[in-house]
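What follows is a set of notes on a single structure, which appears directly below.
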Amino acid sequence: MELISNLRHQFQSDLSKASTSHDVEALRIRYLGRKSPVQDLMKSLKDFSEEERPKAGKLINELKEEIAAAIEERAKQFYDIELEERLKIESIDVTEPGRKRFLGRAHPISQMIDEITDVLKEMGFSIQLSPEIESEFYNYWGLNFPPDHPALDMQDTFYINKDLLLRSHTTNIQQRIMESHTPPIRIASPGKCYRNETITSRSHVLFHQIDVFHVDKGVTMADLLATLETFYTKLFHQKINMRTRASYFPFVEPGIEVDIQCTACAGKGCRLCKETGWLEVCGAGMVHPEVLKQGGIDPDIYSGFAWGGGVERLFMLRHGVTDIRQFTDNDVRFLKQF
């Protein structure tokens, strides 16, 4: 009885000093936990005689219930007080302007592809897609590549097996379109391309290309040049001066490379154009007769033109981006500028 009385008195004294719910929780552990004095009293019951043990057990249980009830009541008081204080601190001022939620947006390359295809659709081209995993015929043989062309080497092309590869250009659309459509054909094909190249600031193993293909009766080089000039004028939103240089591509004859006058310095020379005043934008030419024959089209009746260029390159020219690796680094600081 003396131990119980002293313990009750000590508990009441400690409870009166508690000032927070954390203090009350500490008292619960101290007086009712596994190593508490109440638990010690319960263990001491084995020392009582059989006649005294029920009475002693009853008194200890009453003390335990009394302490538990007092702790619960005081904890509820502190909870209500602390909740009221927290609500005052965390109250929301509904008159303050809300936070603007940041919405995701299209990747810069996706934006550029959308803009390019919009221009081409305005010019009468339909948008067609080709598979990224392709056969050698559609990627090379059907486009008049000779068997010893360097592009067919393992160091330039990603081969999946001896028959399949990752397309190295979106020009692989041409034979597929000629097999399923009869002239007039007027299509553009955007998409990813893969080449086994060293990754630098100007080249990457993964890039995007747009390939434009037109076949009809009486198509000439003049049609190609006029279409190119119109396309780049619309895309860059200004009158474009253009020049061409002779070049070789297996699937066109004659082949040309196309330069436009620098849009940043108007041809005077700057860092973007490396002081030349000109920017290379694409390769182009008249569709090779052998390519038309492979597609089942008579080259004596029909002719056509084709051109292809990198999407990343156009974006870099328009915005002065100097490193192609930034498009795949996923650095939000770079991406959110566009």
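Between Ser126 and Lys43, residue separation times 0.36 nm minus the direct Cα-Cα distance comes to 21.0 nm.
Using Cα springs under 10 Å in a Gaussian network model of the chain, which residue among His22, His237, His107 shows the largest mean-square fluctuation? Checking each option, the largest mean-square fluctuation is seen for His22. An oblate overall shape is assigned to segment 36-160, the ratio a/c of its alpha-carbon gyration tensor axes (a ≥ b ≥ c) being 1.5 or greater and a/b not exceeding b/c. In this structure, the amide hydrogen of Ile256, modeled 1.01 Å from its nitrogen in the peptide plane, lies closer than 5 angstrom to those of Ser247, Ala284, Gly285, counting only residues at least 5 positions away or on a different chain. Across q = 0.20 Å⁻¹, segment 214-338 modelled as identical point scatterers on its alpha-carbon atoms has Debye log10 I(q)/I(0) values of -1.09, in the order of the q list.
Close amide-amide hydrogen proximity is noted between Ser126 and Arg186, Ile187, Ala188, each under 5 Å apart and 5 or more residues distant or on a separate chain (H modeled in the peptide plane; Pro and chain starts excluded). For the chain, the Cys residues with no second cysteine's beta carbon closer than 4.7 Å are Cys193, Cys282.
Cβ-to-Cβ counts within 10 Å put Thr200, Thr230 in ascending order as Thr200, Thr230, the fewest first.
Remark: the Val205-Glu136 segment gains 23.0 nm on full extension, using 0.36 nm per residue and subtracting the alpha carbon distance.
Distance between the modelled labels on Phe236 and Met1, one decimal in nanometres: 10.7 nm (7 Å Cα→Cβ projection). Overall size of segment 17-56 from C-alpha positions, given as principal axis extents largest first: 43, 16, 11 Å.
For the chain, taking the reciprocal of the average inverse distance between every pair of different Cα atoms yields a Kirkwood hydrodynamic radius of 26.7 Å. Quick check: the distance between the Cα centres of segment 214-255 and segment 274-289, to the nearest angstrom? If you average the Cα positions of each part, the centres end up 9 Å apart.
By other beta-carbon atoms within 10 Å, ranking Thr322, Thr276, Thr227 with the fewest at the front produces Thr322, Thr276, Thr227. The separation of segment 68-124 from segment 303-332, counted between C-alpha centres, amounts to 36 Å. In this simple spin-label model, placing a label point 7 Å from the Cα along the Cα-to-Cβ direction at both Lys35 and Ala264 gives a separation of 7.1 nm. Over segment 108-335, Cα pairs under 8 Å with separation of 6+ residues give a relative contact order of 21 percent. Taking a span of 20 Å or more along the helix axis (Cα atoms) and a mean Kyte-Doolittle hydropathy of at least -0.5 as the rule, the DSSP H helices of the chain that qualify are 108-122, 221-236.
Each label point was placed 7 Å from the Cα along the Cα-to-Cβ direction; for Arg8 and Asp23 their separation is 2.3 nm. Once the chain from Ala69 to Thr198 is taken as fully extended at 0.36 nm per residue, the excess over their C-alpha distance is 38.9 nm.
In loop segments of segment 136-229 as defined by DSSP, there are no GluC sites (Glu not before Pro) with at most 10 further C-beta atoms inside 10 Å of their C-beta.
None of the figures in this text is laboratory data; all of them are computed from the coordinates on show. If you're wondering where the values come from, they're calculated on a predicted model, not measured in any experiment. All Cβ positions, glycine included, derive from the backbone under ideal geometry; neighbour counts span all protein chains shown.
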